[in-house]
1. Checking Gly91 against (1) under 20 Å from Met38 (Cβ atoms); (2) free of Cβ contacts under 8 Å to residues at least 60 places away in the same chain, only one condition comes out false. Which one?
2. On the given criteria, is Ala40 over 17 Å from Leu127 (Cβ atoms), at pLDDT 95 or above and loosely packed, with under 13 Cβ neighbours inside 10 Å?
3. Quick one: is Thr122 polar (S, T, N, Q) and buried (at least 19 other Cβ atoms within 10 Å of the Cβ)?
4. Tell me which of these Val101 doesn't satisfy, since it passes every other one: (1) within 11 Å of the chain's Cα centre (by Cα); (2) in a loop (DSSP other than H, G, I, E, B).
5. Pick from Leu66, Leu83, Leu78: which is closer than 25 Å to Thr122 by Cβ, out of contact with any Pro (no Cβ under 6 Å at 6 or more places or on another chain) and in a loop (DSSP other than H, G, I, E, B)?
6. For a quick check of your reading of the model, give me the residue pairs whose first member lies in region 30-58 and is within 19 Å of Arg71 (Cα to Cα) and without any contact (Cβ under 8 Å) to a residue 40 or more places away in the chain, whose second is part of a helix (DSSP H, G or I) and among the polar types (S, T, N, Q), with beta-carbon atoms closer than 7 Å and at least 6 apart or on different chains.
7. Can Gly85 be described as within 17 Å of Tyr45 (Cβ to Cβ), modelled with pLDDT of 95 or more and touching a Phe, Trp or Tyr at 6+ places or on another chain (Cβ under 8 Å)?
8. What pairs can you find where one residue is in region 108-128 and part of a helix (DSSP H, G or I), the other is of a type in the set (D, E, K, R), and their Cβ atoms are less than 6 Å apart, with a gap of 6+ or different chains?
Amino acid sequence: MPAPSQTTSELKRLAAMVCTGLCLPGAALAQDLDAEVMTAGTTLYQDFCAACHGEQGSGTSSGPPLATSSRLQNIDKLVGQTLDGGEYMPGFAFLLSDAEVSAVLTLIRNSWGNDFGPVQPTDAERLR
């Protein structure tokens, strides 16, 4: 029989996986990620990102793929790109709060074959 802490951890992992799977089909297993953050990230992704990066992060002619992307590992680069834009991507600093930047990037970093962990609102605040 597993230790109680293992059972609790496993339940959290399964709950996050179910929520992520329901919120965004094709999303990867999301261990130790806040379900509310992932849900908010899903809405923000659909509203601000999907048109260029694709519904499932597969990219379009307007934006690169985010699925299975090692470029998502560096939080500072990712937050900076999201806030300030670059090349063909617009910046979203004037549209998104620190919590919203955190939510959408946490979703992206943990969906479609990515498993890089959360982004904190303080990461966005620090880089504004």
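1. (1)
2. no
3. no
4. Only one criterion is unmet by Val101, namely (2).
5. Leu66
6. Hits for this filter: zero, empty list.
7. yes
8. Close Cβ pairs satisfying both conditions: Pro121/Asp98; Ala124/Asp98; Glu125/Asp98.
The values are calculated or read from the model by the stated rules, or taken from the named source; none is laboratory data. Only a predicted model underlies this, so the values are computations on that prediction, with no experimental measurement involved. Cβ sites come from the backbone with ideal geometry, for glycine too, and all protein chains shown count toward neighbours.
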